[in-house]
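Below is one structure, written out as structure tokens; the observations come after it.
The values are calculated or read from the model by the stated rules, or taken from the named source; none is laboratory data. These numbers were taken from a predicted model, which means no experiment stands behind them. Glycine also receives a Cβ, built like all others from the backbone with ideal geometry; neighbour counts cover every protein chain displayed. All accessible areas refer to the heavy atoms of the entire protein, side chains included, with ligands and DNA or RNA removed. Shrake-Rupley method; radii C 1.70, N 1.55, O 1.52, S 1.80 Å.
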Amino acid sequence: MTKALFANQRESNLASTVALVEEAIGLLGHQIGASRAAQPGALHAWRIIQGTATTHVIVIHRADFSALRVQAVVMTIDDHVDRAALYAHLLEQNATLLGAAFATAGDEVLLVSERSTLDLDRSEVLDLIRRIATYADDHDEVLVARYGGHVGAAHAR
């Protein structure tokens, strides 16, 4: 009985999270159906575009509860980028960001924020999506102009 109750709580939490994300996406002026995306390993995923930045909203499995991860590929690094200078700058920038951080995945520079879906509310979902989308759009062209590389993900070009 306890196992079934826990599974039901996880399913209820997941359904609530999906509803909150889709409500937030709509409130931010995006089409919900057009925003749904496939993401390997994700329970649910959406993609929104703000300016030159594409932000991914992903619900992922974690041991206790699922997590809401919001991330944007800010730039793709090429052979002409001084990686050491760029990485030092990104670490300095992390100290100025609220609830987000720069990270790397291969040759991509990301902005990332993640939190458990437990006790998640609409204002938090709106804030996470808005913050990452705004930070990404604010930083992408500036970083590329300063260090080189390309705006956004390599596969998006």
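Between residue 15 and residue 34, what is the label-point separation in nm under the 7 Å Cα-to-beta-carbon projection?
Each label point is offset 7 Å from its Cα along the Cβ direction, giving 2.9 nm.
Give me the percent of accessible area attributable to carbon and sulfur for the chain, probe 1.4 angstrom.
Details: 4500 of 8420 Å².
C and S atoms contribute 53 percent here.
Using the reciprocal of the averaged 1/r over all distinct C-alpha pairs, how large is the Kirkwood radius of segment 25-112 in Å? Walk me through the numbers before you get to the answer.
Details: mean 1/r = 0.0684 Å⁻¹.
Evaluated over segment 25-112, this radius sits at 14.6 Å.
With every protein chain kept in place and ligands, DNA and RNA left out, what is the accessible area per residue of the chain? Probe 1.4 Å, answer in Å². Working shown, then result.
Values: 8420 Å² over 157 residues.
Solvent-accessible surface per residue comes out at 54 Å².
Quick one, can you get me the convex hull of the C-alpha atoms of the chain expressed as volume per residue in Å³? Don't skip to the answer; put the middle values down first.
On the way: hull volume 18.6 nm³, N = 157.
In the chain, the Cα convex hull volume per residue is 119 Å³.
Highest first, please rank the peptides 135-142, 57-64 by the mean number of other Cβ atoms sitting within 10 Å of their residues.
135-142, 57-64
For the chain, what is the relative contact order in percent, using Cα pairs closer than 8 Å and at least 6 residues apart in sequence?
On the way: 246 pairs, mean separation 41.9, N = 157.
Relative contact order for the chain comes out at 27 percent.
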